[in-house]
Structures are given as structure tokens and as C-alpha cells.
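What follows is a short report on a single structure.
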């Protein structure tokens, strides 16, 4: 082979430092800010192995919904914890629980004005946990009832039943939860939920925005996709 032919072959099939490097797919990063130090944190930790194509970072603060949303807005403005791509989304995860309607409305407005997403569970996050086993009944409108139902369904255990039962959150149970949530997230409840900031009405229990979170994660995960 002539020198000219060898040179042409080298250009056609580059090797070593000249070889093109495979492009690395960047994983989308999500920030979750919640006031649940135990249950919600554990739940999002359980999701991580199911969505290995994304990064989920959970931060908890014992703040009211309005203050929590403001904290999340400041957190987004002042960095993303050690570099990397900006967060694809920032979720502010709250319970209606004992909080006043005015504070929930303030959280909704703060999220909307700062490009965050408010993830509401009414009356509490246990509505979503219960959905993993069975649709949350329409008469569960109080926190104590939702917590008791989640514990009875063996979704939670331990001190104050704040710990998720090992093995209760699986790919199958998450799919089940999405389907079950649709049964109580009625159109009537949805209309009240989306007008939360304007009308300050809280009578839309049981409700959970968590299916939207699962849909987003599934859309961008590189591995498993739920639903």
C-alpha cells in the first residue's frame, strides 16, 4: 500500500486520540424540595433505582408551603449544588394538611412566578402512598385518616408510621398508584386544584399531583420507564 493510500485510510478510520469519542447522554437533573424529612425523602430515594437515567436531589425544610416555595425559588437562583446542568424541573412537594388556604395560594403563586412546579397532596402524601395498594377512598379527607389507611395497607410503619415499608414501592406498585390516583383525581377536584391560587379553596381531597412527577421522570429516564 502506498503512503498516500495509508494516509487516506488513516483519515477514514481514525484511531487513538484522533478517533471520535462516543457522545455521553446527559442525565436530566431534578430538584425536589419538601417539608417531609422522613416519608417523602424515603419515597424519592426509592424511586432513584427505577429511574437511573435521571438525577433526583431531595432537600427538606420544615417550612410552611409559602416559605418552602420561596426557599426553592432562591435555591434555584443561587446554584445547583456542585455544578452540572441546570435542573430540568424543580418540584415543591407539599401537603394541604393543617396549613391555611392563603399560605397554599402564596406557594402556588411563588412557584408559578419562578418557573417551579407545586406538587400538592390533599390532605397529605399518604394519599399517594395508599394509591400504591388501592384507590384512596373519597371519604379520606383528613390527615389522620389517610395516615391510618396507609398504615393499614402496609405502606407505612414504624414511629408515627412515617417509614415506608421495605419493598412496598416497586415498578408495579408505582404503575398501580398512577392508575388508582386517576380514580379520585376527578375533573371536579382538578378544577378546584388548578384555581388554588385564585380561589383558595381546599375542598378537593383526596388528591395528589404525584402522577405528574412520575410521568415526567418516565419521559426522560434512559432505563426503566413508569408508567
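Quick notes
- Simple spin-label estimate for residue 113 and residue 163 in nanometres, 7 Å along Cα-Cβ: 4.1 nm
- Taking a ≥ b ≥ c as the square roots of the eigenvalues of the Cα gyration tensor, region 97-164 is classed as prolate, since a/c reaches at least 1.5 and a/b is larger than b/c.
- FRET efficiency for residue 199 and residue 219, using Cβ-Cβ distance with R0 set to 35 Å, rounded to 0.05: 0.70
- Contour excess over end-to-end distance, with Cα ends at residue 101 and residue 88 and 0.36 nm allotted per residue: 1.8 nm
- Report note on the peptides 183-190, 67-74: ranked by the mean count of other C-beta atoms within 10 Å, highest first, their order is 67-74, 183-190.
- Size of region 54-115: Rg and Dmax of its alpha carbons, in Å, are 12.2, 37.
- If a spin label sat at a point 7 angstrom from the Cα of residue 175 along the line to its beta carbon, the backbone N atoms of region 45-77 nearer than 20 Å would be those of 46-54.
- Rg and Dmax of region 26-143, both derived from C-alpha coordinates alone, stand at 14.6, 46 Å.
- Region 108-227 - Rg over Rh from alpha carbon coordinates, Kirkwood radius: 0.98
All of the numbers you see were taken from the coordinates with simple rules; none came from a lab. For clarity, every value in this text was computed on a predicted model and none was experimentally measured. No Cβ is skipped: glycine too gets one built from the backbone with ideal geometry, and neighbour counts run over all protein chains shown.
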